[in-house]
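Engineer: Sharing a structure here in structure tokens format.
Quick note: the coordinates plus some simple rules give every number you see, no bench work behind them. All values reported here derive from a predicted model rather than from experimental measurement. All Cβ positions, even for glycine, are placed from backbone atoms using ideal geometry, and neighbour counts span all protein chains on display.
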Amino acid sequence: MTRTTVEFIACPVCKHQSGFTTYQSINATLEPKLKQQLIDRELFKFYCLNCGEQRVVCYETLYHDMENRLMLYYIPAVVNREQEVARIEEMFSQIKQVEGDRYFNSLDSYNFRIVSDMESFIEKVQIFDAGYDDRVVELMKFVLAPKEEEDIQFSYDHMVFTKVGDDNYQFMFIDEKRAVASLKFSKEMYEHFELEYAPILDDQYFVDEAWAYRTVAKT
Ligand SMILES: [Zn+2]
């Protein structure tokens, strides 16, 4: 179910109050148009009706993709990680109890994840939308990332899985919020990684670079 609240926010420029809709939960299967609006960050844009000022306003929300079996919780800034994780874990376990019969025929294959930045939020939405497992994608990023500076002609902070066009995907190399290069993503490559790492994939709420590092270290 999608749940929203309208708040009135004062424009940072002209102080005029405009309505802003926040989504406490987003059901991407029942309302597919919200998925694209999320990817385009439209769901987080505040528009001032008076002066036209635009701002991105981040707020926590639960994203649910029933088709691809994903429950993804976005917390804009994780100040106290342990406390936040405990709160979301409690919420996830309540969801499992209440909704268990309706949605989760086999709960084990459902993916519960937590992200704390907008880029990872959108990335995971796109990974699952494409029918992929975010754990395999994280491992690909970790293993395929150029490790030596001499190997590449640019510097970058991290890589992000991104959709390009209707049905193509690639890894973008991001440096200071700008894409500076890309690496082709192929289904064959994905399947190769899936086969190799399948036996050691564990289920965690946070699946990120640190998780990939720990997983690869086990091999
Ligand atoms: Zn304004």
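Engineer: Which residue, LEU144, LEU49, LEU38, has the most motion in a Gaussian network model of the chain that connects Cα atoms within less than 10 Å?
Structural biologist: Greatest mean-square fluctuation among the candidates belongs to LEU49.
Engineer: Hey, which lysines would be in cross-link range of LYS33, C-alpha to C-alpha under 30 Å, not counting anything within fewer than 8 residues on its own chain?
Structural biologist: The reachable lysines, counting only those whose Cα sits under 30 Å from LYS33, are LYS45, LYS96, LYS124, LYS141, LYS163, LYS177, LYS184, LYS187.
Engineer: Right, something else. Please state the charge dipole magnitude for the chain, taken about the Cα centre, from unit charges on C-beta atoms (+1 on K and R, -1 on D and E), reported in debye and rounded to the nearest 20.
Structural biologist: Result for the chain is approximately 740 debye, rounded to the nearest 20.
Engineer: If you don't mind, another one. Could you compute how fast the chain diffuses translationally, taking Rh as the Kirkwood radius over C-alpha pairs and applying Stokes-Einstein at 37 °C with viscosity 0.692 mPa s? Give it in µm² per second.
Structural biologist: After rounding, the answer is 172 µm²/s.
Engineer: Kindly point out, ordered by number, any Cys in the chain whose beta-carbon has no other cysteine beta-carbon under 4.7 Å away.
Structural biologist: Those would be CYS58, since no other cysteine Cβ in the chain comes under 4.7 Å of theirs.
Engineer: Starting from the coordinates of the alpha-carbon atoms of the stretch 32-159, obtain the Kirkwood hydrodynamic radius over all distinct pairs and give the value in Å to one decimal.
Structural biologist: By the Kirkwood definition, the hydrodynamic radius is 17.0 Å.
Engineer: A further question follows. So what's the back-of-envelope 222 nm ellipticity for the chain, counting only DSSP H runs of four-plus at -39500 (n - 2.57) apiece and dividing by all residues, rounded to 500?
Structural biologist: -10500 deg cm²/dmol
Engineer: Right, another one. Report the extension gain between GLU176 and HIS158 in nm, rounded to one decimal, defined as 0.36 nm multiplied by the number of residues separating them, less their alpha carbon distance.
Structural biologist: Working it through step by step, the gained length comes to 5.5 nm.
Engineer: Between THR219 and VAL98, how many nm apart are label points set 7 Å from Cα along the C-beta direction?
Structural biologist: 4.0
Engineer: Looking at ALA217, VAL98, VAL85, which one has the Cα that reaches farthest to the positive end of the dipole of the chain (charges on Cβ: Lys, Arg +1; Asp, Glu -1)?
Structural biologist: Going by the charge dipole, the pick is VAL98.
Engineer: Got the relative contact order for the stretch 1-131 handy, in percent, Cα pairs under 8 Å and 6 or more residues apart?
Structural biologist: Relative contact order, the stretch 1-131: 20 percent.
Engineer: Would you mind telling me the antiparallel percentage of the DSSP bridges in the stretch 1-139, rounded to 5?
Structural biologist: 65
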